[in-house]
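The values are calculated or read from the model by the stated rules, or taken from the named source; none is laboratory data. Computed from a prediction, not measured in an experiment: that's the story for all the values here. Because the Cβ atoms are built from the backbone with ideal geometry, glycine has one as well, and the counts that use them run over all protein chains shown. All accessible areas refer to the heavy atoms of the entire protein, side chains included, with ligands and DNA or RNA removed. Shrake-Rupley method; radii C 1.70, N 1.55, O 1.52, S 1.80 Å.
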Number of protein chains: 2
Amino acid sequence: MKIASGVAATGFVSASGNAMASEVPLKNIFVHHVFFWLKEPKNNEARAQFEKGLRELIKVPQIQSSHIATPVESPREVVDDSFTFSYMAFFKNKEDQNIYQTHPIHLKFIEDCQHLWEKVIVYDAMD
Amino acid sequence: MKIASGVAATGFVSASGNAMASEVPLKNIFVHHVFFWLKEPKNNEARAQFEKGLRELIKVPQIQSSHIATPVESPREVVDDSFTFSYMAFFKNKEDQNIYQTHPIHLKFIEDCQHLWEKVIVYDAMD
C-alpha cells in the first residue's frame, strides 16, 4: 500500500471530502494565491459569472490542484476578510506557472472577467 | 483501491515530492493563509528562529496539512512579493480553526516569535 501511505503523507482533503489527519507539511509546491475584490460583491449575477470563469480557468493543464473559496469573516484585526473570492492554484514549479500565465485559457479568463473586479492581489510562494 | 483513487482526486503533491496531475479542485477545506513581514528579513538568525517557530506551530493537531514558503519574486504589478514568509494551514472546518487559535502550541508560537515580525496579514477562506 505504497500509494495509501502517500495519501497519509499529504494529509490532504480529497475532492470527495474525506479528510486525513497528518502533521506532514506539503513539499515542492508553487502556491499561486489570488484575492479578488469584485466591483459589485453583492451582485449575484456578477458573482456567478466570475465563479464560472474561475471554474474554466482551473482547466489549465499545468494546474496540479486548485481551491476556489470565499472569505471567512473574522473580527480579528489582522484578518483581511474584505475580498470577494480567493483563488488558489498549485503548480509543480515556476516553469509551469510561467506557461499558465500566457495559456489561452488564462488569457480568456482575464478577457471575460476583468471587467468584474476592481482589485487583485497575487501572492506567489514556494517552499 | 478506494484510497488510491482518493489520491488521484486530490491531484496533490505528496511530502515525498511526487506530483499527481488532476483538474479536480480541492473541496471542503478551510484555508488559513498568513503572510509575515519580518522586522529584519535579511537577518538569517531571525529567519531561522522564525521558521523553527513555524515548524513547531504546524504540530497543532487540528492542522490537516500545511505549507511554509517564501516569496517568488515577480515584476508584475499585481503580485505582492514583499512578504518574508508565507504560512498556510488547512483545517477541516471553522470549529477546528477556532480550537487552533487558542491551542497552547499556537500561543507559544506567538509568544516566542511575535517580536520578529512587523506586519501580518491573515486570509481565511472556505469553499
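Considering only region A:44-58, I want to know if a residue exists there that is within 21 Å of B:Glu73 (Cα to Cα), in contact (Cβ under 8 Å) with a residue 12 or more places away in the chain and open to solvent by 20 Å² or more (accessible area, probe 1.4 Å). No: zero hits.
Restricting region A:87-127 to residues that are aromatic (Phe, Trp, Tyr) and open to solvent by less than 10 Å² (accessible area, probe 1.4 Å), the residue that is nearest to B:Val120 (Cα to Cα) is A:Tyr123.
Looking at A:Thr84, A:Thr70 in this structure, which one is surrounded by fewer than 19 Cβ atoms within 10 Å (Cβ to Cβ), among the hydroxyl-bearing types (Ser, Thr, Tyr) and within 11 Å of another protein chain (Cβ to nearest Cβ)?
Details: A:Thr84 fails: surrounded by fewer than 19 Cβ atoms within 10 Å (Cβ to Cβ).
Being surrounded by fewer than 19 Cβ atoms within 10 Å (Cβ to Cβ), among the hydroxyl-bearing types (Ser, Thr, Tyr) and within 11 Å of another protein chain (Cβ to nearest Cβ) holds for just one of A:Thr84, A:Thr70, which is A:Thr70.
Could you name every one of the strands (runs of 3 or more DSSP E) located completely within region A:20-92 that has at least 3 residues being aromatic (Phe, Trp, Tyr)?
Because the criterion is at least 3 residues that are aromatic (Phe, Trp, Tyr), the strands (runs of 3 or more DSSP E) in region A:20-92 that meet it are A:30-38, A:85-91.
Would you check which residues across region B:94-127 are at the interface with another protein chain (Cβ under 9 Å from one of its Cβ atoms) and outside any strand (DSSP E or B) and list them? Correct list: B:Lys94, B:Gln97, B:Gln101, B:Asp127.
Inside region B:88-116, can you point out the residues that are hydroxyl-bearing (Ser, Thr, Tyr) and over 10 Å from B:Ile63 (Cα atoms)? Correct list: B:Thr102 only.
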